[in-house]
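Here the structure comes first, spelled out in structure tokens, and everything after it is commentary.
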Amino acid sequence: MPKAFYFLIIAFGMSAIMGWVIIPRILLISHKKKLYDIPDYRKIHDTPIPRLGGISFFPVITITISLLMAVRYIVGLDIIHVPERIVLIEFLCLLTGSCILYIVGVGDDLIGIHYRSKFIAQILSALLLVVSGLWLRDLDGFLGINFIRARYSIPITLFIVVFLTNAINLIDGVDGLASGLSSLSLIIFGLIFIHQRQLIYALVAFSTLGVLVPFFIYNVFGNQKHGHKLFMGDTGSLTLGFILSFLALRICLTGARHPNESNLAVVAISSLIVPAFDVIRVALHRIRKHRSPFLPDRNHIHHKLLRAGLRKRYVTLAIVSLALFYVILNAFLNKLCNITILFAIDFALYVLLHLIINHFIRKKEVVPCSL
């Protein structure tokens, strides 16, 4: 195991170093070719900023995983505790699906792609995970459901992958938010995989985490006036959402096969509750207003916190802290109540939070009458 831990540290470091090397080059090209995210009524930045930071994600993650897997075979390091044929199929489908979303994301960041085309690409990528064998067979008692047949579980799995991929994509609206939430989830996923001795999947988590570190620093602390700031764009958020979906499914499948591990699956999924609940709330709000749930607006949780008076960095800190709160809360509540009650409590707390935010928004937006 110590050798395996060093292996994961090398994966994280290698990914981070490549990110540090590639991201400044992306900035240079973006400024030379004027590849900017132009401000509009829906965005919170007021000057053009490069949005191609996510271009670094997929190549860096792929190079890190592929090279270290080759090294693993050369030195004979045992990090796979599931049948190698299963791992090979899963990884090939993961890389293929990620590549599809990467291409679509690049196209969207450069010239714009209709949401229907992106939706089709997400379904195809999700279908690849299902083909690899990653589909839910047990809901662990959620809504009173345990074992589910393939005819029902496969569509459910497709929906979950597309849903989570979009959740990360849509939460990417404030500096460091999508990368911060994703980093929290990747750390939790990686630690759980280490606990389960499934280090091959921990390799994916820490390789992805590594490239997020330099991006986060440029995204949050980069000087906008000096041209050192950039966004991840759809290329990055779609890649992150798909990888997180893959890891979440793998943890859930392990929990289904080993009942003692089901608690860890709940903890892992809890790290994604905030973006997931935000998508549900925003979609319901748009439907209630007789608008398409796919059309963008300024009603996401980060928009509301900004309207309530929080500064950008505090918004990111508050939302990431909220996600961590859910992880800790559910780790405790999971021992006291079933999963249906647990998520009902989570959603009730989320609704209560928004009622409080709405109160502060109304308070801030009230215009005092002039005498």
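Evaluated with a Cβ-only charge set (Lys, Arg +1; Asp, Glu -1), the chain carries a dipole of roughly 880 debye about its Cα centre, given to the nearest 20. Charges were assigned to the Cβ only: +1 to each Lys and Arg, -1 to each Asp and Glu. The resulting dipole of the stretch 164-275 about its Cα centre is roughly 180 debye.
In a reduced charge model with +1 at each Lys and Arg Cβ and -1 at each Asp and Glu Cβ, the stretch 222-371 shows a dipole moment near 640 debye about its Cα centre.
Across the options VAL267, GLY241, LEU295, the greatest Cα extent toward the positive end of the charge dipole of the stretch 232-323 (unit charges at beta carbon of Lys, Arg, Asp, Glu) belongs to LEU295. Inter-part distance, the stretch 165-233 to the stretch 127-148, computed on C-alpha centroids, equals 26 Å.
The label-point distance for ASP297 and ILE156, in a model that sets each label 7 Å from Cα toward Cβ, rounds to 3.0 nm.
Sorting THR165, THR96 by accessible area (1.4 Å probe), largest first, what list results? Before the final figure, lay out each step's value.
Values: THR165 0, THR96 70 Å².
Ranked from most to least accessible, the order is THR96, THR165.
Note on the chain: Lys pairs 8 or more places apart or on different chains, Cα atoms under 22 Å apart, count 23.
Put simply, the amide H of LEU136, placed in the peptide plane, has neighbours under 5 Å in THR157, leaving out anything fewer than 5 places away on its chain. At the residue level, TYR115 shows approximately 80 square angstrom of accessible surface with a 1.4 angstrom probe and all protein chains present. Once the chain from GLU84 to ILE328 is taken as fully extended at 0.36 nm per residue, the excess over their C-alpha distance is 84.5 nm.
Shape analysis of the chain based on the Cα gyration tensor places the equivalent ellipsoid semi-axes at 32, 27, 19 Å, largest first.
Using C-alpha pairs below 8 Å separated by at least 6 residues, the relative contact order for the chain is 23 percent. Computed from backbone phi, the HN-Hα couplings of the stretch 320-330 come to 5, 5, 4, 4, 5, 4, 4, 4, 5, 4, 6 Hz, rounded to whole numbers (Karplus: 6.51 cos²θ - 1.76 cosθ + 1.60, θ = phi - 60°; Gly and Pro given as x). Net length available on complete extension from SER321 to ILE103 is 75.2 nm, with 0.36 nm assigned per residue and the Cα-Cα distance removed.
The values are calculated or read from the model by the stated rules, or taken from the named source; none is laboratory data. Not measured: the values here are computed from a predicted model. With ideal geometry, Cβ positions are generated from the backbone for all residues, glycine too; neighbour counts draw on all protein chains shown. Surface accessibility is based on the protein's heavy atoms, side chains included, excluding ligands, DNA and RNA. Shrake-Rupley method; radii C 1.70, N 1.55, O 1.52, S 1.80 Å.
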